[in-house]
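These notes are about the structure you will find just below.
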Amino acid sequence: MDGLFNVPLKRSKTVGSQPSSSNKPQISQDEIFTELFHQYTTKSKDALQISFLTSTKKPQKRYHPLYTHQFFGNMEVILGYTNLQISLTYTPSGRHCLLEQTQEDMISFKNKDNKWNSSPEQIFQKINKYFVEGSLTKDPDAWTERLVDEIKTGWKPPGKLINEFKINLCKKKSTTEEEKEKEKEKEKETEKETEKETKQEQEQEKTYVVYRGTFEDKEFSNYFHTIEHILIYFINAASFLQLEDKRWVVYLLFEKSEPKAQEESPIYLLAGIMTAYRHFYYPDKFRFRVSQALILPPFQGHGFGRKLLGLMYEEAWGDENVAEITVEAPVENFQKMRISLDLMLCWKNNFLLEKDKEDLNFINQDQIKMIQKKLKFHKKQINRCIEVAWYHSFQKRKQNKIKEEIKEKTIEPEEDEDEEEEEEFRNFTLATKKRIIAQLGVYDTDESKMRKDLENKFQLELKSFERISQKALQGLKKN
């Protein structure tokens, strides 16, 4: 492997005069290795797979993390292996993890002057530093012993049980009227088949529980400290909490497997984590802020995030010392879920409703103050709900007008009415685009491109508003 540095490396081009030898672009060892031995580099997100086992016999679906930079650096590559695979298998609670590693080949080398060398990455050591001591192992027998012990001894989550509910994750949801009709026809085939399907659905129905805890509870604090590294896999800027700070509140979601025999205990499978912090709010109250929220991949898309956030709201509403509820730097999907939940709660409490065509009372500033007082939402979040409610009212009136026109067999709207609606939609458009511009920040481009980008973003927002309002309506019907 001597003399490898004679191979030309790609360097970034420099504008202007050529740099002297003293200020040549610096290339890291990882970049050198990646370029020379690309076949011995692996994308860490592709190599790493995660799963939670609830049985020593039943295999569980594995999934890849979204982020691995905290383990393997910003390049998110692992050096020194070919066809590398790393599996992290957790016990149901997430307290114990088995690391298994396979590869076809690995490489070590150094240059002839012995000034620079590279060996395969020490994967266990890099991952283990984020685990509580003793919770990660490479020994399958030791890990299996911990799994069996957790299942047989009936481990139970620490903290306070605040909610329990049932849901069927396997039940298909119809997305179009055509699908609904097909399902109805299928159900009518025979009474026997219907009974069989009902029985299967009941067997697929699962129980879920939510536990709440603070770090004043030592057992809860120790457990959370053991599992909090799981957030790193799926939250880009995930950070470890200060366990000495008693102002943290944590909500944990578990799938509870009911025992099949009387002598057996339930198995609690970790499904979600949400943390919130009580910030000081002048003069004598506090702001309840969601910090990090994660629903693990097998449980995503079933409303669990909405459930956890709703439970946090209930706690805030019941505490007279909470002045306001906020979320710290929410990602787009979380923000959409949050708006649909908040809008549903506004409608449920008779806020942001259109009493009649002349009274769009959700624009009234007095009502915004009432929402702040009762639901404790931040004014900025209320404004986001107003945008969606405003657009929903346009769509609703548009549909009603079409129905009336069909019924009365006329397509000529009153001129004054048409002008009023155009003016109202123009105001809505300006308000929404103003908010979008503030989010986009300073534009380093020509005006025509900026206008085009703004219009594209606005149209995407309208589609998003439609989906959010439908979610809010669905939630309203369930409640």
Spatial separation of Cα centroids for the range 277-348 and the range 41-84, in angstrom: 30
Ranked by how many other beta carbons lie within 10 Å on average, peptides 130-142, 271-283 from highest: 271-283, 130-142
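Every read-out reported here was derived from the displayed coordinates using simple, explicitly stated rules and does not represent laboratory data. Owing to the predicted nature of the structure, the values given are computational and were not obtained by experimental measurement. With ideal geometry, Cβ positions are generated from the backbone for all residues, glycine too; neighbour counts draw on all protein chains shown.
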